[in-house]
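Below: the structure, in structure tokens.
Any read-out appearing in this document is the output of simple, stated calculations on the displayed coordinates, not a laboratory observation. Quick caveat, the model's predicted, so the values are computed rather than measured. Please note: Cβ atoms are built from the backbone with ideal geometry, for glycine as well, and neighbour counts cover all protein chains shown.
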Amino acid sequence: MTERLQPGDVAPDFTLPDADGNAVSLSSLRGRRVILYFYPAAMTPGCTKESVDFQEALPELASAGTEVIGISPDKEPKLAKFRERDGLTFPLLSDPDTKVLQAYAAYGEKMLYGKTTVGVIRSTFLIDADGKIEKAYYNVKATGHVARLRKDLGL
């Protein structure tokens, strides 16, 4: 597993397809702050709660000059269905081979219901306008996470 990212580290660049198959690169967002969050699976209760919380916070985050991007191992058709079902207007990116998840140390061993398993480690990163990690949150809870992030951002 990749070493966890720390504030001040350069955010690993990537290009991934969004729910419509369009390529999205982190480098194309230079000059803006980005909240990059990794979630295990579209359309599951926890991931839905987290994504809807980000959607509800989007106007406030956008007024603070911050973009939101979600990444999961789901393929584009499932992401499109998730976006439509829950009215999500920010990009949902597909990383089925988990290369980007691994680059951010958001994939690996974790505890699930008392058992060790391998999968997506729910994680969120605040990336500054220069492409550096401002904050790194690992093993976050789906519920209450966005509220904590907004508080940390002073919103």
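Things worth noting here:
- Beyond 18 Å, the tail of the calculated P(r) for the range 15-147 holds 52 percent of the Cα pairs.
- Of the peptides 51-58, 139-146, the ranking by mean beta-carbon count within 10 Å, highest at the top, reads 51-58, 139-146.
- Potential lengthening between Ser63 and Asp152 on full extension [0.36 nm per residue; Cα-Cα distance subtracted]: 30.5 nm
- Across the chain, Cα pairs under 8 Å and at least six residues apart give a relative contact order of 33 percent.
- Within the chain, the whole DSSP H helices whose Cα atoms reach 24 Å or more along their own axis and whose mean Kyte-Doolittle score is at least -1.0 are 45-63.
- Under 14 Å, Cβ to Cβ, from Lys135 - net charge with Lys/Arg +1 and Asp/Glu -1: +2
- Within the range 109-155, chymotrypsin sites (Phe, Trp or Tyr not before Pro) in DSSP loop having at most 12 other beta-carbon neighbours inside 10 Å: Tyr113
- Stretch gain in nm, segment Tyr113-Tyr138, where the contour uses 0.36 nm per residue and the Cα spacing is subtracted: 7.2 nm
- Electrostatic dipole magnitude of the range 15-147 [Cβ: Lys, Arg +1; Asp, Glu -1; Cα centre; debye, to 20]: 320
- Distance cut-off 15 Å, percentage of C-alpha pairs in the range 1-92 lying past it: 61
- Shown here for the range 60-101: trypsin sites (Lys or Arg not before Pro) in loop regions (DSSP other than H, G, I, E, B) with at most 16 other Cβ atoms within 10 Å, namely Lys75.
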